[in-house]
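Visitor: Got a structure for you, questions after.
The values are calculated or read from the model by the stated rules, or taken from the named source; none is laboratory data. Please read all numbers here as calculations on a predicted model, not as lab measurements. In this analysis, Cβ positions are derived from the backbone assuming ideal geometry, glycine residues included, and neighbour counts consider all displayed protein chains. Calculation scope for accessible area: heavy atoms of the full protein, side chains included, ligands and nucleic acids excluded. Shrake-Rupley method; radii C 1.70, N 1.55, O 1.52, S 1.80 Å.
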Amino acid sequence: MRVRKVLDSRARWTVELDMKAHDRWVRASVPAGKSKGRHEAVSLPIDESLKRVERLKRSIVGRDFKDQKDFDRTLGHLAGERKEKLGVDLTLAASIAFYKLRRRRIISLPTPMFNVINGGLHAGNFLAVQEFMVVPRKFERFSEKLEAGVRIYLALKEKLEKRFGRGATNVGDEGGFAPPLEKTEEALGLLEEVVGELGLLDRVSLSIDCAASSYFDGKAYAMDGRKMDRGEYIDHLSMLAKDFHLFSVEDPLHEEDFEGFAEFLSKVDSRVVGDDLTVTSIDRVLRAHNARSVNAVLIKPNQVGTVSEAEEVMRFCDRMGWTWIISHRSGETTDPFIARFAAFNGAPFIKAGAPARGERVSKYNELLRMEELL
Ligand code: PGA
Ligand code: ZN
């Protein structure tokens, strides 16, 4: 096993780990979020992570593990409940590398959710909502969905440039444009216009990730030039969800408000997705289930620290009839792991940013390659 530090897409050092078994080397690196949930597993500074490599080696090198669960259990004992003793980056890099050593079968390819307009903490504009996504749902093949995403992305670029000048096509952390818009409605309207002009309205849905903790100050939600209390805000957001037939709304309320999520869910037809709320933790997901807060869950392996724990949450969602979305982080590497993880688990959806920038397209391109094998 070898471990080193490498850079992610935001000039942050992260862990890259090489692992060898039966004369075959595999490599894994891990991403990092910016709009992180308070209950995510613990990330350590890179030098602290590297100091723990010897401890990790002593527990795994030369040992035989029955399967992924067995390996991840050992990692869990070593790392602690919130992965604080090894740090989530080192823990997950080892778990992913082990996962890559096994040959697996593709179950199905996910529908991509392309984040084409960036706001919130991911962009330097005034949009409160963090992600505006297009979801090409009604196409047969992954490659057709990808083509649709590309056409929308490029048409949006042209429109932004014409309407606001070239500065409007600068991109945010996930490769989506960061135009000088202020209102949620303007961004959704623009997307609807572009999708309509391409004649794709009946095949492509819109989705948003509010990441609402980032504009909640403990009392009010600041959005669209207003400060709203919880009730006003839920009314406002559910109206937007209805007006634009949003397929899904992620983190509509701040990350501790299980009841607010439930109230919002009861008012809309959209999928209501937990991300910062549920942090890929089975305990938080069960709480969301008891409170009827969500009917969909985001799966981010680095919120929890091992592949097996992420899979446990997926299986729970399947049993509940909930949808689930495998997700990248805003600070990514070019490791295409989540694409393969999605295909091997039959994920309904994947969220990996815009169809642009190397660290985003590495995932989409991997899915294209996998389509050849079907
Ligand atoms: P993050 O954002 O990677 O910065 O946490 C992604 C998301 O909120 O879905
Ligand atoms: Zn999110």
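Visitor: Which residues' amide hydrogens lie under 5 Å from the amide hydrogen of ALA41, considering only partners 5 or more residues apart or on another chain, with H built in the peptide plane?
Guide: Amide H to amide H, under 5 Å and 5 or more residues apart or across chains, ALA41 pairs with VAL304.
Visitor: From the cross-link list LYS20/LYS363; LYS162/LYS267; LYS85/LYS351; LYS227/LYS351, which pairs have alpha carbons spaced over 27 Å apart?
Guide: Values: LYS20/LYS363 23 Å; LYS162/LYS267 37 Å; LYS85/LYS351 29 Å; LYS227/LYS351 30 Å.
Table pairs above 27 Å Cα-Cα are LYS162/LYS267; LYS85/LYS351; LYS227/LYS351.
Visitor: List the residues whose amide H sits under 5 Å from the amide H of SER205, counting only those 5 or more places along or on another chain, with H placed 1.01 Å from N in the peptide plane.
Guide: VAL135, ARG137
Visitor: As I understand it, the dipole of the range 66-193 uses +1 on the Cβ of Lys and Arg and -1 on the Cβ of Asp and Glu, about the Cα centre. Which of VAL135, HIS122, TYR99 lies farthest toward its positive end?
Guide: Positive-most Cα among the choices belongs to TYR99.
Visitor: Which trypsin sites (Lys or Arg not before Pro) does the range 198-299 hold that lie in a coil by DSSP with at most 10 other beta carbons within 10 Å? Working shown, then result.
Guide: Values: sites: ARG203, LYS219, ARG226, LYS227, ARG230, LYS242, LYS267, ARG271, ARG284, ARG287, ARG292; in loops: ARG203, LYS219, ARG292.
The qualifying sites are LYS219.
Visitor: Over the range 227-276, what is the relative contact order in whole percent, taking alpha-carbon pairs under 8 Å and six or more residues apart? Provide the component values of the computation, followed by the final result.
Guide: On the way: 44 pairs, mean separation 20.7, N = 50.
Relative CO of the range 227-276 lands at 41 percent.
Visitor: Only loop residues by DSSP count here, and only those with at most 15 other Cβ atoms within 10 Å; note down the GluC sites (Glu not before Pro) in the range 252-311 that meet that.
Guide: Sites meeting the loop and neighbour criteria: GLU256.
Visitor: Further question on the same structure: Defining a contact as two alpha carbons under 8 Å apart and six or more residues distant in sequence, what relative contact order in percent does the chain show?
Guide: Values: 773 pairs, mean separation 77.4, N = 374.
Relative CO of the chain lands at 21 percent.
Visitor: Right, something else. Just the accessible area for ILE299, please: 1.4 Å probe, Å², rounded to the nearest 10?
Guide: For ILE299, solvent-accessible area is about 0 Å².
Visitor: Placing +1 at every Lys and Arg Cβ and -1 at every Asp and Glu Cβ, with all other atoms neutral, what dipole size does the range 275-318 have around its Cα centre, in debye to the nearest 20?
Guide: Charge dipole of the range 275-318: 160 debye, to the nearest 20.
Visitor: Among the lysines, which fall within straight-line cross-link reach of LYS83, defined as a Cα-Cα distance under 17 Å, with same-chain neighbours fewer than 8 residues apart omitted?
Guide: Within the straight-line cut-off, LYS83 pairs with LYS36, LYS51, LYS57, LYS69, LYS300.
Visitor: Ok, one more. Kindly express, to the nearest 10 degrees and within the range 0 to 90, the angle between helix 258-267's C-alpha long axis and the longest C-alpha principal axis of the chain.
Guide: 50
Visitor: Then there is this: For a quick check, take a GNM of the chain with Cα springs below 10 Å and name the residue from VAL279, VAL294, VAL150 with the largest mean-square fluctuation.
Guide: So, out of VAL279, VAL294, VAL150, the one fluctuating most is VAL150.
Visitor: Keeping all protein chains in place, calculate the accessible area per residue for the chain (probe 1.4 angstrom), answer in Å². List each step's numbers first, then the result.
Guide: Working: 15750 Å² over 374 residues.
Solvent-accessible surface per residue comes out at 42 Å².
Visitor: For a quick check of understanding: with a 1.4 angstrom probe and all protein chains in place, what accessible area in square angstrom does LEU7 have, to the nearest ten?
Guide: Using a 1.4 Å probe on the heavy atoms, I get roughly 90 Å².
Visitor: Counting other Cβ atoms within 10 Å, keep those with at most 11, restrict to DSSP loop, and tell me which trypsin sites (Lys or Arg not before Pro) in the range 31-97 are left. Present the calculation step by step, with values, prior to reporting the outcome.
Guide: Numbers: sites: LYS34, LYS36, ARG38, LYS51, ARG52, ARG55, LYS57, ARG58, ARG63, LYS66, LYS69, ARG73, ARG82, LYS83, LYS85; in loops: LYS34, LYS36, ARG38, ARG52, ARG63, LYS66, ARG82, LYS83, LYS85.
Passing sites in the range 31-97 are ARG38, ARG63, LYS66.
Visitor: Of all the accessible heavy-atom surface of the chain, with the other protein chains kept in place and a 1.4 Å probe, what percent is carbon and sulfur? Write down the numbers at each step before the final one.
Guide: Working: 7400 of 15750 Å².
That fraction is 47 percent.
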